[in-house]
Amino acid sequence: MRGSYKILTIRGISIDIHWTFLLLIGWVILVNANAGNNVEQISWSLIFLVAVFACIALHELGHALVAARFGIQAKQIVLLPIGGIASIEKFPDNPRQELAISVAGPLVNIIIAGLLRLLIPNYYFTENQSHMTIMHGHDLIYNLCIVNITLAVFNLIPAFPMDGGRILRALLGLKMNYIQATTIAATVGRVIAILFIAAGIVLINPILPAIGIFIIFSAGAEEYYLRLKSLVKGIKLNEVLMYDYNSLQANMPVQEASNVLNSNHSKFFILMDGATPVGTINRMEIIKAIAEMKYNIPLKNLVREKLESLNGDKEIDTVLEKLAGNDERLFPVMDNSHIIGVVNLNHIIEYLLLNRVNTKEYPRIRSLAGLLH
């Protein structure tokens, strides 16, 4: 995710923190300062905040490690002010596997809460804790225990695509196809999201509407891609190729490439080393290099991402997650180490619109095309 920075790696999974997390730290300091708390109290609050997000990272790691057991890789976990996101390669079509992956996160929080409970004196659960402050170790552990229980319960709310919503979809998926199950789970999620937004307005709590909006957009996006995946099933990449792509030589200096940009308005170019693709580049990266007066550096030095080429014999639905990362990004399609064309998500939608006009699927394709733009 853009704007995130790696803090550590666990079993090949990068744990990153988004820059907006600094806003949360600043807000905690501001609230404490406004309440007249001293440096020690502010320090305990920050320690508690870090501990909470460590538990959130473990929650997401639970999802990732169980997914890995089913051959589904997770490359990154990003910590945001509203929680954590595990970038799992894909969620399985098998509802039993999705059930196991989804339950893993809340289960981690329950285990953490159970372990913390062993460290808390019994009198903490018999005395009134309503005015508890985080001013020493026992207070912090007690509150962290409560937070983990809250995280487990909150994530089990059946609001797709939260864990509870995924659990609901997996259970429905045992009795019906995944598209129907997703539609029902997404609808339930939207209703709950609206309740979050309404509660946030009534309670003057900005966090609840933010969660509600996140649920609405995330559920819609996942439902969209699942429907698209069903529409492209059985279609191979070499059936939807574009042959009129634009390319630039990888060793071409930025200054020379700028002359090409004057008469060519493509957003992406394939970088070639002779007849072999070695990367893709966005025209804005070239324009930025020109603005920074890097006239003589070769274009290959501007490439930030490793080239991802696709096998023309593969079916589209098996690589849809890659294509969905950027609607317009070009991917070279190969056959025996030779480039035979390129493909992107926009063109696949166009292909479906042009070739499924007289089919019962056409209304669904039109609706997906509208959502794409």
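The values are calculated or read from the model by the stated rules, or taken from the named source; none is laboratory data. All values reported here derive from a predicted model rather than from experimental measurement. Ideal geometry is used to build each Cβ from the backbone, glycine not excepted, and the neighbour counts take in all protein chains shown.
Assess whether THR150 counts as being part of a helix (DSSP H, G or I), modelled with pLDDT under 90 and among the hydroxyl-bearing types (Ser, Thr, Tyr). So that I can check it myself, show each step before the final result.
Values: part of a helix (DSSP H, G or I): yes; modelled with pLDDT under 90: no; among the hydroxyl-bearing types (Ser, Thr, Tyr): yes.
So THR150 does not fit the description; no.
Run down HIS18, HIS63 and say which single residue is touching a Ser or Thr at 6+ places or on another chain (Cβ under 9 Å) and closer than 25 Å to LEU172 by Cβ. Step through it out loud before you land on a result.
Values: HIS18 fails: closer than 25 Å to LEU172 by Cβ.
It is HIS63.
Residues that are part of a helix (DSSP H, G or I), of a type in the set (S, T, N, Q) and more than 21 Å from VAL103 (Cα to Cα) are absent from segment 209-219 altogether.
Taking the conditions (1) assigned to a helix (DSSP H, G or I); (2) free of Cβ contacts under 8 Å to residues at least 24 places away in the same chain in turn, ILE192 satisfies each one other than (2). Has segment 232-253 got any residue that is touching a strand residue (DSSP E or B) at 6+ places or on another chain (Cβ under 6 Å), among the hydroxyl-bearing types (Ser, Thr, Tyr), surrounded by 14 or more Cβ atoms within 10 Å (Cβ to Cβ) and not in a helix (DSSP H, G or I)? Yes; the residues of segment 232-253 include at least one that is touching a strand residue (DSSP E or B) at 6+ places or on another chain (Cβ under 6 Å), among the hydroxyl-bearing types (Ser, Thr, Tyr), surrounded by 14 or more Cβ atoms within 10 Å (Cβ to Cβ) and not in a helix (DSSP H, G or I). Does at least one position in segment 48-57 carry a residue that is outside any helix (DSSP H, G or I), assigned by TED's automatic domain parsing to the domain that holds ALA152, in contact with a strand residue (DSSP E or B) (Cβ under 6 Å, 6 or more places away or on another chain) and closer than 18 Å to ILE207 by Cβ? No, the conditions are met nowhere in segment 48-57.
Considering only residues that are under 21 Å from ARG329 (Cα atoms) and touching a Leu at 6+ places or on another chain (Cβ under 8 Å), look in segment 201-226 and name the one that is surrounded by the fewest Cβ atoms within 10 Å (Cβ to Cβ). I'd like the intermediate steps shown before the answer.
From segment 201-226, those under 21 Å from ARG329 (Cα atoms) are 221-222, 224-226; that's our starting set.
Still in the list and also touching a Leu at 6+ places or on another chain (Cβ under 8 Å): 224-225.
On the way: TYR224: 16, TYR225: 19.
Here the answer is TYR224.
Report those strands (runs of 3 or more DSSP E) wholly inside segment 260-347 carrying at least 2 residues which are surrounded by fewer than 16 Cβ atoms within 10 Å (Cβ to Cβ). Can you show your working first?
On the way: elements: 268-273, 276-282, 331-335, 338-343.
In segment 260-347, 338-343 are the strands (runs of 3 or more DSSP E) which contain 2 or more residues that are surrounded by fewer than 16 Cβ atoms within 10 Å (Cβ to Cβ).
Within segment 51-62, the residues that satisfy the criterion of being touching a Gly at 6+ places or on another chain (Cβ under 6 Å) and in contact (Cβ under 8 Å) with a residue 60 or more places away in the chain are ILE56, HIS59.
For segment 187-231, a residue qualifies if it is closer than 28 Å to ASN346 by Cβ and over 22 Å from the mean Cα position of the chain (by Cα), and exactly one does: LEU231.
Each residue in segment 69-100 was checked for being in a helix (DSSP H, G or I) and without any contact (Cβ under 8 Å) to a residue 40 or more places away in the chain, and 3 of them qualify.
Just one of (1) of a type outside the set (Lys, Arg); (2) within 25 Å of ILE149 (Cα to Cα); (3) touching a residue at least 24 places away in the same chain (Cβ under 8 Å) fails for VAL31. It is (3).
When ILE56 is tested against (1) more than 19 Å from LEU140 (Cα to Cα); (2) at pLDDT 85 or above, exactly one condition is not met: (1).
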